[in-house]
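Take a look at the structure below.
Only the coordinates and a few stated rules stand behind these numbers; no lab work does. No experiment lies behind these values; they were computed from the predicted model shown. In this analysis, Cβ positions are derived from the backbone assuming ideal geometry, glycine residues included, and neighbour counts consider all displayed protein chains.
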Amino acid sequence: MNKVVIQQYPAEKLPADLRAGIPDGTMVKVTLETTSPEQAALAGGLRELFASVPGDFRKSASEIEQDLRGQRDSWPSN
């Protein structure tokens, strides 16, 4: 896998879809990495899997954290 890192790159030189929400004049760090076809297929498969979960089963990060804390708190202490 190849990796290129550019420090202090002007945000206004980024393509519009990448600079959305980043004010002009901001310096950013750009990291580019190549991926193998297998990695790309796996990432695509995971995106499809997550997208297929019905909305009523999806939880926010805070809901997941609350569930995990509740489960942890129910464990017997030794």
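Just a few scattered comments:
- Once both labels are positioned 7 Å from their Cα atoms along Cα-to-Cβ, the gap between VAL4 and PHE57 label points is 4.1 nm.
- Extending 7 Å from Cα along the Cβ direction at MET27 and again at ARG47 yields two label points whose distance is 3.2 nm.
- Against the empirical 2.2 N^0.38 Å (N residues), the stretch 1-53 has a Cα radius of gyration ratio of 1.51.
- Counting only alpha carbon atoms, the long axis of helix 37-51 and the longest principal axis of the chain meet at about 50°.
- The relative contact order of the chain, computed from alpha carbon pairs under 8 Å that lie at least 6 residues apart in sequence, is 27 percent.
- Candidate lysines - alpha carbon under 25 Å from LYS13, same-chain residues fewer than 8 apart omitted: LYS3, LYS29
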